[in-house]
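**Q** Please read through the structure below; I'll follow up with questions.
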Amino acid sequence: MNIEQFKQEVIAYSKEIGIDKIGFTSANTFEELKQRLIRQQELGYQSGFEEPDIEKRVTPVKLLPKASSIISIALAYPSKLKNAPKSTKEERRGIFCRASWGQDYHTVLRDRLGKLENFLKERIPEIQVKSMVDTGELSDRAVAERAGIGWSGKNCAIITPEFGSYVYLGEMITNFPFPPDTPMEDQCGSCTKCLDVCPTGALVQGGQLNASKCIAFLTQTKGFLADEYRTKIGNRIYGCDTCQTVCPVNKGKDFHFHEEMEADPEIAKPKLKPLLTISNKDFKEKFGHISGSWRGKKPLQRNAILALAHFKDTTALPDLILLMKQDPRPVIRGTAAWAIGKIGGEDVEKELLNAFEKETDEEVKLEIEKGLKLIKKN
């Protein structure tokens, strides 16, 4: 078999099944990444969602013993919402990041990788493959960078010349020796826009992220959000796009190639107040198909409370007072108490004091006290 010719056949087939960009690299150990990951671990910059075993993250042969090459794929996703609903004073809305619009991208990319696997197995029945998307051991970005999909931007995203950083990534390790592609030159130059606007300073320097401070990570945590970040969330329900939206390469980039990625505007920009009391059943029905639902409804409800506080939405006070008094979850009761104080208004001090008298959870009591102090600042 002519290896280069087979590679071209794979590229042609990838276009047929809706893969927007494909690249190939060796299955050699990611030595530079290994050093970076060790350093990140030492600095405490990890999110905790990563594969804990660094060796697995950088050594493809640990995942597929006879690994010879890796295929990297990229699918472009939309950056602009069609028919986006407007937030009004009576009905404030939150926002999901673009990577959570449409069907869960893990499902979409696994579908494309599955088709690619079948194509390879039809041509070479004995071929060995192992595919992964996001939650796999390998770093999607490190693979994509080495496979020439794009360069690793200062915002820690892979930036492609064609689609900017609005791409989902996945990869397939194989024992077939595909000829590798050439990595791209870094094209960020002296631009530091993403570093300058990061809301929490999570981008420590170009290409280095303190994940524990990143809003995209913080919106996925389940406990109380640290005070210093509560006013930085804005109306974000899940994720953060700031370092992408300011990137000059992303200007004007908006691709609607895949039906599954098209967003329902009412889901991408949901009304905040209904989120506060949504049942588990309704949450699964409405949001279960998007990637932003993977942590369940509690973090999203907590973020919705913070968003209402951000808007100082007095129309939400009755709902928030009810949550503070009746919700069984301390994080929701406490965050509601903080938000009530942040919004302020008539009689809220009395409500907070009444709640404090009846509250048994010490953390929630602390949040009520914070709420009472915020009223005095209003």
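**Q** Which value in Å is the Kirkwood Rh of the stretch 1-94 over different Cα pairs?
**A** Computed over the stretch 1-94, the radius equals 17.6 Å.
**Q** Which whole-angstrom value gives the distance between the alpha carbon centres of the stretch 83-144 and the stretch 165-182?
**A** What the calculation gives is 15 Å, centre to centre.
**Q** Can you list the lysines whose alpha carbon is less than 19 Å from that of residue 281, not counting same-chain residues fewer than 8 positions off?
**A** Partners within reach: 271, 273, 297, 298.
**Q** Another question, then. Treating the angle as unsigned and between 0 and 90°, give the value, to the nearest 10°, between the Cα long axis of helix 297-311 and the longest Cα principal axis of the chain.
**A** Helix 297-311 sits at roughly 60 degrees to that axis.
**Q** List the cysteines in the chain whose Cβ has no other cysteine Cβ under 4.7 Å from it.
**A** Flagged as lacking a Cys partner: 97, 156, 188, 191, 198, 214, 240, 247.
**Q** Moving to a separate point now. Which of the listed residues, 138, 114, 102, is farthest toward the dipole's positive end in the stretch 99-152, when Lys, Arg count +1 and Asp, Glu count -1 at the beta-carbon?
**A** 114
**Q** Something else: Any idea what the alpha-carbon Rg over 2.2 N^0.38 Å comes to for the stretch 1-311?
**A** Compared with the compact-globule rule of thumb, the stretch 1-311 sits at 1.02.
**Q** Here's a follow-up. By counting other Cβ atoms within 10 Å of each Cβ, how are 86, 325, 7, 15 ranked from fewest to most?
**A** Least crowded to most crowded, the residues run 86, 15, 325, 7.
**Q** Another question, if that's okay. May I ask for the angle, rounded to the nearest 10°, between helix 317-326 and the longest principal axis of the chain, with both axes built from Cα atoms and the value confined to 0 to 90°?
**A** 90 degrees
**Q** Using the Cα centre of the chain as origin and beta-carbon charges of +1 (Lys, Arg) and -1 (Asp, Glu), tell me which of 318, 252, 74 is placed farthest towards the positive end of the dipole.
**A** 318
**Q** In whole angstrom, how far apart do the alpha carbon centroids of the stretch 1-42 and the stretch 300-330 sit?
**A** 46 Å
Any read-out appearing in this document is the output of simple, stated calculations on the displayed coordinates, not a laboratory observation. None of the values given here were measured: they were computed from a predicted structure. Ideal geometry is used to build each Cβ from the backbone, glycine not excepted, and the neighbour counts take in all protein chains shown.
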